[in-house]
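Trainee: After the C-alpha cells below, expect a handful of questions from me.
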Amino acid sequence: MLIIGIAGGTGSGKTTVARSVIGQLDTDKVTFISQDNYYKDQSHLSMAEREKTNYDHPFAFDNELLVEHLNLLKNGQAAYAPVYDFTKHTRSDKTIKLLPNKIIIVEGLFVLYDEKLREMLDIKVFVDTDSDVRILRRVLRDMEERGRSIHSIHQQYLATVKPMHEAFIEPSKKYADLIIPEGGHNEVGIQMLTILTEKHLTGGFKV
C-alpha cells in the first residue's frame, strides 16, 4: 500500500491535483480521503459557539481518528469516515466507507503539519499557489458550496485563514518530497506524481 499526502493552503488546488492523479490511474485501485471530513464533532455546542471555532487551526481537526482509519486501511480493514456539514458546523449523521486499496490519497490543509499523520505518508506533496489566487477560489467555494456571505468570508480570511496559513501551513512545506506550484494547472507536477504512483502499482518503484 502506498499512502500519498497532499497538503497546501485553502484554494491552492489540492483536490484538483488529487483528482487529476486519480483520473489517470485505475480508480478501482485508489481510495481518496479528504481531511475536511475530519473536523471535530461539535454537536454538543450551540450554533453560536460553533461559529466561534477557529476552523483554520490544526486543533479543529480530529487527526487521531484519521490516523486510526489509515491504520485500519493498512491492516486490510474498511473504515468509515465522518461527513462534515459546513452549513451546521458539525458532523452529519452520514459516513463514507473507505476501502483498503493499493493507493491511498489523503488531502487537506494540515496533512503535513501533524507529525503522527506525516509519519504514515510514503509520498508527501505540497501544492503551492499564490495567495491572491487562493482567496478568490475560496470566495467562490464558500459562497457556492457552503452558503457563506462575502462579508463573513472576508472577516474569516483576515482573522484566521491568513494568520493560520502563515503560522502552520506554509511552514509544513519543508516536509514535502514534491512541491507542485499552481496546483491543478501544473501538468508537469501532476504527471510526475502520477508516474511515481504508477511505478509503485507496477512494482517498479518502492518507498
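Trainee: Pick from 15, 160, 31: which is most flexible by mean-square fluctuation in a GNM of the chain where alpha carbon atoms under 10 Å apart are linked?
Mentor: Ranking 15, 160, 31 by mean-square fluctuation puts 160 first.
Trainee: While we're here: Once amide H atoms are placed 1.01 Å from N in the peptide plane, what residues at a sequence separation of 5 or more from residue 39, or on another chain, have their amide H within under 5 Å of its amide H?
Mentor: Amide H neighbours of residue 39: 62.
Trainee: Further question on the same structure: Using the crude model of +1 on Lys and Arg Cβ and -1 on Asp and Glu Cβ, and no other charge, please compute the dipole size for the chain relative to its Cα centre, in debye to 20.
Mentor: Values: 26 positive and 29 negative charges, 41 e Å.
Here the chain has a charge dipole of around 200 debye.
Trainee: Which residue fluctuates most in the GNM of the chain (Cα springs below 10 Å): 91, 141, 19?
Mentor: 141
Trainee: To continue, here is another question. Scan around residue 3 for amide H atoms under 5 Å from its own, H built in the peptide plane at 1.01 Å from N, and keep only partners 5 or more places away or cross-chain.
Mentor: Residues meeting the criterion, in which the H sits 1.01 Å from N, are 104, 122, 123.
Trainee: Report the FRET efficiency, 1/(1 + (r/R0)^6), for residue 36 and residue 202, where r is their Cβ-Cβ distance and R0 is 30 Å, rounded to 0.05.
Mentor: Efficiency, rounded to the nearest 0.05: 0.45.
Trainee: Enumerate the calculated ³J(HN,Hα) couplings along segment 31-42 in order (Karplus 6.51 cos²θ - 1.76 cosθ + 1.60, θ = phi - 60°), each rounded to whole Hz, writing x wherever the residue is Gly or Pro.
Mentor: 10, 9, 10, 9, 4, 4, 6, 9, 4, 5, 5, 10
Trainee: Now, a different point. Give 29/162; 94/162; 14/174; 88/173 a once-over and call out the pairs whose C-alpha atoms are over 28 Å from each other.
Mentor: On the way: 29/162 36 Å; 94/162 31 Å; 14/174 17 Å; 88/173 31 Å.
From 29/162; 94/162; 14/174; 88/173, over 28 Å: 29/162; 94/162; 88/173.
Trainee: So which aspartates and glutamates can residue 40 reach, going by Cα to Cα under 17 Å and dropping same-chain residues fewer than 8 places off?
Mentor: Cα-Cα hits under 17 Å: 49, 51, 56, 62, 64, 68, 85, 93, 107, 114.
Trainee: Can you give the local net charge around residue 107? Use residues other than it whose beta-carbon is closer than 10 angstrom to its beta-carbon, Lys and Arg +1, Asp and Glu -1.
Mentor: Values: positive: 14, 19; negative: 36.
Value of the local net charge: +1.
Trainee: I would also like to ask the following. Please list, ordered by chain and number, the residues whose modelled amide H lies under 5 Å from the amide H of residue 176; skip anything fewer than 5 residues away on the same chain.
Mentor: For residue 176, no residues qualify.
Trainee: Ok, one more. With a cut-off of 8 Å between alpha carbons and a minimum separation of six or more residues, what is the relative contact order of the chain in percent?
Mentor: On the way: 344 pairs, mean separation 72.4, N = 207.
About 35 percent, as a whole number.
Trainee: Tally Lys and Arg at +1 and Asp and Glu at -1 over the other residues with C-beta under 12 Å from the C-beta of residue 51: what net charge comes out? Present the calculation step by step, with values, prior to reporting the outcome.
Mentor: Values: positive: 50, 52, 88, 148; negative: 49.
Here the count lands on +3.
Trainee: Next question, about the same structure. Per the helix-only calculation at 222 nm, which mean residue ellipticity applies to the chain, given -39500 (n - 2.57) for every DSSP H run of n ≥ 4 and division by its residues, nearest 500 deg cm²/dmol?
Mentor: Numbers: 7 runs with 68 residues, N = 207.
Taking each H run of at least 4 residues, the total per residue is -9500 deg cm²/dmol.
Trainee: Which values, in whole Å and largest first, are the semi-axes of the equivalent ellipsoid of the chain obtained as the square root of 5 times each eigenvalue of the Cα gyration tensor? Let's see the in-between values first.
Mentor: Working: eigenvalues 153, 85, 43 Å².
After diagonalising the Cα gyration tensor, the semi-axes are 28, 21, 15 Å.
Trainee: Residues in segment 93-113 near a label at residue 29, defined as backbone nitrogen under 13 Å from the 7 Å Cα→Cβ point?
Mentor: 101-104
Trainee: Please work out how much length the chain gains when fully extended from residue 72 to residue 170, using 0.36 nm per residue of separation minus the C-alpha to C-alpha distance, in nm with one decimal. The partial results should precede the final answer.
Mentor: Numbers: separation 98, 0.36 × 98 = 35.28 nm, distance 2.96 nm.
Stretched out fully, the residue 72 to residue 170 stretch lengthens by 32.3 nm.
Trainee: Tell me the per residue accessible area of the chain using a 1.4 Å probe; a whole number in Å² is fine. Numbers along the way, then the final one.
Mentor: On the way: 10460 Å² over 207 residues.
Value for the chain: 51 Å² per residue.
Trainee: So how tilted is helix 63-74 from the main axis of the chain? Cα-based, degrees 0 to 90, rounded to 10.
Mentor: Approximately 20 degrees, to the nearest 10.
Trainee: I want to verify a result. In a Gaussian network model of the chain, Cα cutoff 10 Å, which of these has the top mean-square fluctuation: 40, 102, 174?
Mentor: 174
Trainee: Report, to the nearest whole %, how much of the accessible area of the chain belongs to carbon and sulfur atoms, 1.4 Å probe, protein only. Kindly include the intermediate steps, with their values, before the conclusion.
Mentor: On the way: 5430 of 10460 Å².
The nonpolar share, carbon plus sulfur, comes to 52 percent.
Trainee: Sticking with this one: Applying 1/(1 + (r/R0)^6) with R0 = 35 Å to the Cβ-Cβ distance of residue 54 and residue 101, what FRET efficiency is obtained, to the nearest 0.05? Intermediate results must be reported in sequence, preceding the final value.
Mentor: On the way: r = 33 Å, r/R0 = 0.95.
Calculated transfer efficiency: 0.60.
Trainee: Quick one: dipole size for segment 8-114, taken about the Cα centre, charges +1 on Lys/Arg Cβ and -1 on Asp/Glu Cβ, in debye to the nearest 20.
Mentor: Working: 12 positive and 14 negative charges, 51 e Å.
For segment 8-114, the charge dipole is close to 240 debye.
Trainee: In the chain, what percentage of the DSSP-assigned beta bridges are antiparallel, given to the nearest 5?
Mentor: On the way: 7 of 26 bridges.
The answer is about 25 percent antiparallel.
The values are calculated or read from the model by the stated rules, or taken from the named source; none is laboratory data. Small disclaimer: the values here were computed from a predicted structure and weren't measured. Neighbour counts run over all protein chains shown; Cβ positions are idealised from the backbone, glycine included. Just so you know, the surface numbers come from the protein's heavy atoms only, side chains and all, with ligands and any DNA or RNA stripped out. Shrake-Rupley method; radii C 1.70, N 1.55, O 1.52, S 1.80 Å.
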